[in-house]
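The values are calculated or read from the model by the stated rules, or taken from the named source; none is laboratory data. Because the structure is a prediction, the values reported are computed rather than measured. Ideal geometry is used to build each Cβ from the backbone, glycine not excepted, and the neighbour counts take in all protein chains shown. Keep in mind that these areas ignore ligands, DNA and RNA; they rest on the heavy atoms of the full protein, side chains included. Shrake-Rupley method; radii C 1.70, N 1.55, O 1.52, S 1.80 Å.
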Amino acid sequence: MEDRDSSLQSSLPLKVLLVEDNELNSDMLSRRLQRAGYAVVVASDGAEGVAKAISELPDLILMDISLPILDGWEATQQIKANAQTARIPIIALTAHAMAGDREKALAAGCNDYDTKPVELPRLLGKIEGCLKRSISN
């Protein structure tokens, strides 16, 4: 019975929470992720991202940094401070790539960092790397 349950688990699409306030970016990226085989849940601001991280318990979070209500730095810190969501890998996404942003993202609790515009093959590689590391931990 356990073997069947674990094979069922592995056949389910992995759930990605996309926290992105730009509707065009959100729509485009969520469609591309779905075509790559992921189930996608979308939040349009940092506070909604924190709430959906708790309610949806995604396998991975893509976190825009420039968000209304609660920015991506603070949302990441809240997610990482919650025992229910602390182990979910988070990849920071930003269009305003500045020197030190990657280090700041990692210091805030992000597992990786990527820049916009999103280059899908590169982002998918980072997603797969974070998911493999989280499964092995």
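Near the amide H of VAL40, under 5 Å away, which other amide H atoms are found, from residues 5 or more places off or on another chain, if H is placed in the peptide plane?
For VAL40, the qualifying residues are VAL16.
Report the one residue of LEU62, GLY37, VAL50 whose Cα lies farthest in the direction of the positive end of the charge dipole of the chain (charges on C-beta: Lys and Arg +1, Asp and Glu -1; origin at the Cα centre).
Among LEU62, GLY37, VAL50, the one farthest towards the positive end of the dipole of the chain is GLY37.
Of the heavy-atom accessible surface of the range 39-137 (probe 1.4 angstrom), what whole percent is carbon and sulfur?
Details: 2620 of 4740 Å².
Taking all protein chains in place, the range 39-137 shows 55 percent carbon and sulfur surface.
Can you tell me which aspartates and glutamates have their Cα less than 15 Å from the Cα of LYS116? Leave out same-chain residues fewer than eight positions away.
Partners within reach: GLU20, ASP21, GLU23, ASP27, ASP64, ASP101.
Using only the Cα atoms of the range 49-113, what semi-axes does the equivalent ellipsoid have when each is the square root of 5 times a gyration tensor eigenvalue? Give whole Å, largest first.
Calculated on Cα positions only, the semi-axes equal 19, 12, 10 Å.
Quick check for me: using +1 on Lys/Arg Cβ and -1 on Asp/Glu Cβ, what's the dipole size of the range 1-123 about its Cα centre, in debye to the nearest 20?
Approximately 240 debye in magnitude.
Of ILE91, ILE54, ILE127, which is the most mobile in a GNM of the chain whose springs link Cα atoms less than 10 angstrom apart?
ILE54
Ordered by residue, what ³J(HN,Hα) values in Hz, to whole numbers, does the range 77-89 give under the Karplus form 6.51 cos²θ - 1.76 cosθ + 1.60, where θ = phi - 60° and Gly and Pro are x?
3J(HN,Hα) across the range 77-89, in whole Hz: 4, 5, 5, 6, 7, 8, 4, 5, 10, 4, 8, 6, x.
Can you give the calculated 222 nm mean residue ellipticity of the chain, where each DSSP H run of n ≥ 4 adds -39,500 (n - 2.57) and the sum is split over every residue, rounded to the nearest 500 deg cm²/dmol?
Details: 6 runs with 69 residues, N = 137.
After summing the helix terms and dividing by the residues of the chain, the value is -15500 deg cm²/dmol.
Mind putting a number on the dipole of the range 27-66 about its Cα centre? Charges go on the C-beta only, +1 for Lys and Arg and -1 for Asp and Glu, and I need it in Debye to the nearest 20.
220
When the gyration tensor of the chain is built from Cα positions, what are the square roots of 5 times its three eigenvalues, in whole Å, from largest to smallest?
With the √(5λ) rule applied to the chain, the semi-axes are 23, 17, 15 Å.
Can you tell me the accessible area per residue over the chain, all protein chains present, probe 1.4 angstrom, in square angstrom?
Each residue of the chain exposes 55 Å² on average to a 1.4 Å probe.
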